[in-house]
1. Can you tell me which residue among A:176, A:217 is away from chain B (no Cβ under 12 Å), at pLDDT below 95 and more than 30 Å from residue B:407 (Cβ to Cβ)?
2. Kindly check whether there is at least one residue in segment B:164-175 that is surrounded by fewer than 24 Cβ atoms within 10 Å (Cβ to Cβ), under 20 Å from residue B:87 (Cα atoms) and touching a strand residue (DSSP E or B) at 6+ places or on another chain (Cβ under 6 Å).
3. Scan segment A:229-243 and give yes if some residue there is touching a strand residue (DSSP E or B) at 6+ places or on another chain (Cβ under 8 Å), within 23 Å of residue B:342 (Cα to Cα) and either assigned to a helix (DSSP H, G or I) or within 8 Å of another protein chain (Cβ to nearest Cβ) (or both), otherwise no.
4. Would segment B:328-343 turn up any residue that is within 21 Å of the chain's Cα centre (by Cα) and either within 12 Å of chain A (Cβ to nearest Cβ) or assigned to a strand (DSSP E or B) (or both)?
5. Tell me which of these residue B:105 doesn't satisfy, since it passes every other one: (1) surrounded by fewer than 17 Cβ atoms within 10 Å (Cβ to Cβ); (2) at pLDDT 95 or above; (3) assigned to a loop (DSSP other than H, G, I, E, B).
6. Scan segment A:206-235 for residues that are over 31 Å from the mean Cα position of the chain (by Cα) and more than 22 Å from residue A:162 (Cα to Cα) and jot them down.
7. Going by the conditions given, is residue B:419 away from chain A (no Cβ under 13 Å), in a strand (DSSP E or B) and closer than 24 Å to residue B:66 by Cβ?
8. Tally time: how many residues in segment A:84-113 are in contact with a helix residue (DSSP H, G or I) (Cβ under 9 Å, 6 or more places away or on another chain) and in a strand (DSSP E or B)?
């Protein structure tokens with residue numbers, strides 16, 4: 001359970017409260033000679049508390065916003081942690097959570113709560129495939145192991161790809177995974193020749209990663225030629241996106 | 001030489017200075033120096049009122065006329081010029097109705113269909129209507145099931161007889177098959193069809209990516225390349241047994257298999273030992289021997305079908321792919337194309353010509369068009385067959401040497417097209433989904 005704690009400075013609250021009282025007090029004129037009747041002070045206003053969460057149902061991994069506001073409170077807490085009198089917070093709990101707001105003041109205590117429901121993502125139908133890599137691994141991999149791009153009809157690692165090779169190698173060295181390097185080509189050119197060109201790209205990428213320290217026995221290669229493009233427009237931009245070595249974890 | 005002259009004239013219109021330098025006198029077996037024979041194919045008649053006959057007759061007549069028209073050696077007389085009374089048997093044949101205008105034909109094919117004892121019986125004749133003393137060239141009888149498929153098959157057989165008789169002894173292709181790749185089921189699978197696009201049927205159901213199918217010389221097996229188990233690997237399918245037969249799964253990228261004409265060897269491209277080289281093994285994949293040794297990719301081998309002693313192939317050893325020739329043991333390598341991007345060689349059955357796909361202008365950005373060319377292997381002289389019509393690739397010669405089937409991307413979708421070996425009579429054979437990499441059977 002994630003609870004965001006905002007601990008306010010008690011002193012400021014109390015000082016402010018005191019200031020209110022003093023100021024209120026200062027507003028009073030000195031009483032003229034009066035009959036000795038004691039006018040009872042009005043009771044302090046009761047605090048109010050209001051909290052909401054939006055949306056109130058999310059899938060695990062998504063976020064929601066908690067908003068609260070209070071009045072006449074000297075001390076406000078949210079799920080046990082002190083917060084300001086009013087505010088908002090983005091939350092992303094793994095499980096369903098109730099947010100309890102408590103506002104205490106001279107006039108009493110007020111509470112309110114809001115419930116955030118967290119549902120799991122739908123399960124894929126299990127097929128006889130290799131075990132599903134956990135989401136965190138796949139996300140980490142996508143962030144840290146980037147594709148290598150090539151010039152047309154070329155399979156040598158470009159100067160501007162060398163930094164990517166170094167970064168990819170550094171990332172791969174940290175993990176134990178077996179990696180498949182996939183070589184691809186753009187849509188121009190012939191099916192059979194592109195199989196050999198994709199093969200050369202995958203091999204060149206593998207060799208560069210080995211030179212950068214990735215253990216050779218963790219790397220395998222495959223060529224897809226022009227059979228698995230990521231885009232199909234006949235533009236320079238799309239062609240470049242397809243001329244690539246792409247990486248996948250192989251379990 | 002009328003037709004070659006027309007081709008030459010067409011070339012002159014489209015030619016650049018470079019093309020003009022080529023002497024385009026290539027004789028690809030279309031009209032070897034003679035005018036096409038004028039041939040009429042009368043609608044065969046039914047001999048009885050059996051209800052089964054009319055649709056069979058329709059199929060037979062359409063198929064027969066098509067086959068003769070496709071053959072590339074006849075000047076088919078249009079049916080609108082035929083006499084009103086058409087013969088169903090020799091005693092109904094009136095020569096003088098045919099050997100003068102409007103039909104003015106030299107030859108007439110005619111005959112009849114009947115159903116006897118549940119069997120389809122076809123009688124067909126070929127008459128030389130300019131020879132009044134002895135017009136009979138040939139008479140044939142066929143029997144088969146009373147089905148559409150059987151009517152079609154008999155029409156193919158009769159057409160082939162006529163083609164062989166009048167076409168200088170070269171066997172007709174009306175019963176030949178084309179294997180190809182189709183993605184119409186959502187995956188690239190191996191498919192097969194009759195030479196005219198009829199009877200398209202799915203051969204593999206691998207649910208993966210299949211490429212480069214090549215049928216064996218005896219028609220019993222299809223070798224192709226498949227990702228069904230990674231690879232891709234050379235995969236062997238037996239049409240006789242209707243199942244896959246084993247072939248080793250070599251390391252690396254394995255593709256573009258090719259059969260030797262005697263059916264005992266398979267050449268293919270493999271990166272099993274590093275970069276893609278051409279290997280030759282027996283047809284079970286035993287003892288693969290490497291026959292090329294150059295980086296840059298060596299692929300798409302094709303054995304000379306007449307001798308089996310030479311292999312045409314593609315190599316990227318100088319950069320962009322070019323067509324090369326070598327002896328079947330890997331010696332005497334020679335480069336055949338001099339520029340651009342050249343791929344997918346295929347031999348004519350007489351072993352004299354190569355057809356291949358060529359982009360003569362290739363560079364960054366949009367390349368020039370990719371077209372089908374024919375080159376004389378000895379003189380290196382070449383002719384362009386397709387012009388400004390999409391991206392054309394994977395040409396494959398027919399067993400009669402008169403036709404070339406190829407893949408063409410026109411309007412954004414790849415389809416299988418056929419044409420005469422002089423570039424005329426181009427027409428699409430497929431329309432469903434996208435279709436690629438056709439390969440013609442050896443007979």
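1. Criteria check complete, one pass: A:176.
2. No: segment B:164-175 contains no residue that is surrounded by fewer than 24 Cβ atoms within 10 Å (Cβ to Cβ), under 20 Å from residue B:87 (Cα atoms) and touching a strand residue (DSSP E or B) at 6+ places or on another chain (Cβ under 6 Å).
3. Yes, that holds for at least one residue.
4. Scanning segment B:328-343, I find at least one residue that is within 21 Å of the chain's Cα centre (by Cα) and either within 12 Å of chain A (Cβ to nearest Cβ) or assigned to a strand (DSSP E or B) (or both), so the answer is yes.
5. Failing condition for residue B:105: (1).
6. Scanning segment A:206-235 gives A:224, A:225, A:226, A:227, A:232, A:233, A:234, A:235.
7. Working: away from chain A (no Cβ under 13 Å): yes; in a strand (DSSP E or B): yes; closer than 24 Å to residue B:66 by Cβ: yes.
Yes.
8. Qualifying residue count, segment A:84-113: 1.
The values are calculated or read from the model by the stated rules, or taken from the named source; none is laboratory data. Not measured: the values here are computed from a predicted model. Quick reminder, even Gly has a Cβ in these numbers, built from the backbone with ideal geometry, and neighbours come from all protein chains shown.
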